[in-house]
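*Asks:* Below is the structure I would like to discuss, written out as structure tokens.
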Amino acid sequence: MTKFIFEVLFFAITITFLLAWGYVKKQRKAEALIDKLYENCEDKILREFEHKEALSEKEIKNVIEGTKASLFWSKNKVIVQDANLVIDTIIERMKKKELILEEKSSKRNTYRLKKGS
């Protein structure tokens, strides 16, 4: 009888844990989607640096336009439709991670891949 009570109690604790974990994942889904989108944009920009030595802000906008992100456990997706809304955040994240360097010229801002990245 005691064994049965422990089995039921263990089952109840397991179900409670799984429900709580699912609830937390659901709450953080939007944040995780945005982070994934930023990572995908950064990857596309870094791939573009393989072909070019420097990129202007306008070129970076063209590169990230249409970038998509989704989580494997969710059917929700995020797409960059207007690069002007995310360009500043992405550039700041990349500068903070020390992936790119900013060069201010008289006409436009250009960015170069940091040596050793």
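The values are calculated or read from the model by the stated rules, or taken from the named source; none is laboratory data. In this text the structure is predicted, and so the values were computed from the model without any measurement. Glycine also receives a Cβ, built like all others from the backbone with ideal geometry; neighbour counts cover every protein chain displayed.
*Asks:* Specify which of the listed residues (LYS95, LYS75) is more than 12 Å from the chain's Cα centre (by Cα), of a type in the set (Lys, Arg) and either more than 18 Å from LYS115 (Cβ to Cβ) or surrounded by 17 or more Cβ atoms within 10 Å (Cβ to Cβ) (or both).
*Replies:* It is LYS75.
*Asks:* Another one. Where residues in segment 53-72 are among the small types (Gly, Ala, Ser) and surrounded by 14 or more Cβ atoms within 10 Å (Cβ to Cβ), which of them is nearest to the chain's Cα centre (by Cα)?
*Replies:* ALA69
*Asks:* To continue, here is another question. Please go through segment 1-57 and give me each residue that is more than 26 Å from ALA69 (Cα to Cα) and outside any helix (DSSP H, G or I), ordered by number.
*Replies:* Correct list: MET1, GLU53.
*Asks:* Where residues in segment 25-40 are surrounded by fewer than 15 Cβ atoms within 10 Å (Cβ to Cβ) and of a type in the set (D, E, K, R), which of them is nearest to MET94 (Cα to Cα)?
*Replies:* That would be GLU39.
*Asks:* Hey, can you tell me all the residues within segment 60-117 that are modelled with pLDDT of 90 or more, among the small types (Gly, Ala, Ser) and not in a helix (DSSP H, G or I)?
*Replies:* Listed by number, the residues that qualify are GLY66, ALA69, SER70.
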